[in-house]
Amino acid sequence: MPSSTSIKDVAAAAGVSVATVSRVLNSHPSVSPAARARVLAAVESLGYRPNAVARSLRTDQTRTLGLVISDVLNPYFTELARSVEEEARALGYSVIIGNADERPDLQDHHVRTLLDRRIDGLLVSPTDGGSPLMLDAARGGTPMVFVDRWIAGVDVPVVRSDGRAAITALVAHLHRLGHRRLAIIAGPAATTTGSERVAAFREALASYAIELPEAYIGQGDFQAGSGRRVTDGFLDLPEPPEVVFAADNLMALGALDAIRARGLRVPDDIALAAFDDIPWFVHTDPPVTAIAQPTKELGRAAVRALVDRIEGRPPASVTLPAHLVVRHSCGEPRTSQPPTSTERRAR
């Protein structure tokens, strides 16, 4: 085999793009059988064998991406990480994952470690408004993309979902059901998603002339313990809310624990809704009404944006819509059929 044979030669022989060749070589399922057969035939005829070590020495690239996620125990981020890894593999990259556990110090530890290992680019879901290390890395030329969360004022592409319309749809849905006392378990105010969801909830309530008193805003940290603590506080109020809206799935599970610990039932005694749908919500009793994000699409888009930046193409920020999934945790009428994983979206 000539030593100069490259992946571009394989792509030209097979009549496909370089990205398609990478997907075939990395066993990605998105390639058609016909294209896969042409690529494999070209690989065989040309005798092409990828050599990652030689490529790294030649190009000063490691073909490795870093991903720092906020909490690996959160099913949303678990699914996001899986999508990132699949898309990266399809494009010929490996991924090293660091779990920040919603702690800025751990976030910085992983960022520093990944940069020391000469990753080609970094995907981060920031746990706060931006540490000096994170800001220096972003402003110092490290190829970087923010995913799910972002740092205001930093010129880095952002791949995220827009939950504002879905929160508006949720409040309209709750209003139609007759609910007027609505409370929220908020995420950390230092995160963009934490502050954004509270603002959207407040604005949606205002459109119905419903105020959001401070007593109905509980400060959480995107983890289950804070959901229990905040919900206990709501239930101790002289006039508890009729609905608790948890701004992420783990806080919703914590809220559910607090409600059941008092012998109360959802939605008979208090209604519950959540941001970030997860498969478990179908199996709770009752199934939880939730806002779902396009998690797989976000992971793929984030990798493509980062690879564009690494390979010299202009990266673009991406915003995808979230949507409301109506189930039975807010007093919705029950049907004769049990809920499934394909509940209707709210119109």
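Quick check: at a probe of 1.4 Å, how many percent of the accessible area of segment 229-319 sits on carbon and sulfur atoms?
After summing per-atom areas, the C and S share lands at 49 percent.
Run the numbers on segment 149-271 and let me know its relative contact order in percent, using alpha-carbon pairs under 8 Å that are six or more apart.
RCO, segment 149-271: 26 percent.
Placing +1 at every Lys and Arg Cβ and -1 at every Asp and Glu Cβ, with all other atoms neutral, what dipole size does the chain have around its Cα centre, in debye to the nearest 20?
Here the size comes out at about 1240 debye.
Let me know the longest stretch in the chain that avoids all GluC sites (Glu not before Pro) found in a DSSP loop with at most 14 other C-beta atoms within 10 Å.
Values: sites that count: E211, E311.
Longest run free of exposed loop sites: 1-210.
Just for segment 216-347, what percent of DSSP beta bridges are antiparallel, to the closest 5?
Values: 4 of 11 bridges.
About 35 percent, rounded to the nearest 5.
Per residue, what accessible area does the chain have, given a 1.4 Å probe and all protein chains present, in Å²? Before the final figure, lay out each step's value.
Working: 15820 Å² over 347 residues.
Solvent-accessible surface per residue comes out at 46 Å².
Considering the convex hull of the alpha carbon atoms of segment 70-125, report its projected area averaged over all viewing directions, in nm², one decimal. List each step's numbers first, then the result.
Working: hull surface 14.6 nm².
One quarter of the hull surface, i.e. the mean projection, equals 3.6 nm².
Just grab the label-to-label distance for D105 and R260, each label 7 Å out from Cα along the Cβ direction, in nm (one decimal).
3.4
Which shape class, rounded, prolate or oblate, goes with segment 270-311 when its Cα gyration tensor gives a ≥ b ≥ c as root eigenvalues, a/c under 1.5 marks rounded, and past that a/b bigger than b/c marks prolate?
In terms of gyration-tensor shape, prolate.
What shape does segment 147-236 have by the C-alpha gyration tensor, where a ≥ b ≥ c are the square roots of the eigenvalues, rounded means a/c under 1.5, and otherwise prolate means a/b greater than b/c and oblate the rest? Don't jump to the answer; show the numbers that get you there.
Details: a/c = 2.31, a/b = 1.34, b/c = 1.73.
Judged from the Cα gyration tensor, segment 147-236 comes out oblate (a/c at least 1.5, b/c at or above a/b).
Given springs between every Cα pair under 10 Å in a Gaussian network model of the chain, which of R160, R313, R82 has the largest fluctuation?
R313
Only bridges with both residues in the chain count here: give the DSSP antiparallel percent, nearest 5.
10
Considering the values (i) 31, 55, 12, 2, 0; (ii) 32, 61, 7; (iii) 29, 48, 21, 3, 0, which represents P(r) over Cα pairs in 20 Å bins from 0, in percent as calculated for the structure under consideration?
(iii)
State whether segment 96-143 is rounded, prolate or oblate according to the following rule on the C-alpha gyration tensor (a ≥ b ≥ c being the square roots of its eigenvalues): a/c under 1.5 gives rounded; otherwise a/b larger than b/c gives prolate, and the remaining case gives oblate.
oblate
The values are calculated or read from the model by the stated rules, or taken from the named source; none is laboratory data. As the structure is a prediction and not an experimental result, all values here were calculated from the model. FYI the Cβ positions are ideal-geometry reconstructions off the backbone, even for glycines, and counts take in every protein chain you see. The accessibility values were calculated without ligands, DNA or RNA, using every heavy atom of the protein model including side chains. Shrake-Rupley method; radii C 1.70, N 1.55, O 1.52, S 1.80 Å.
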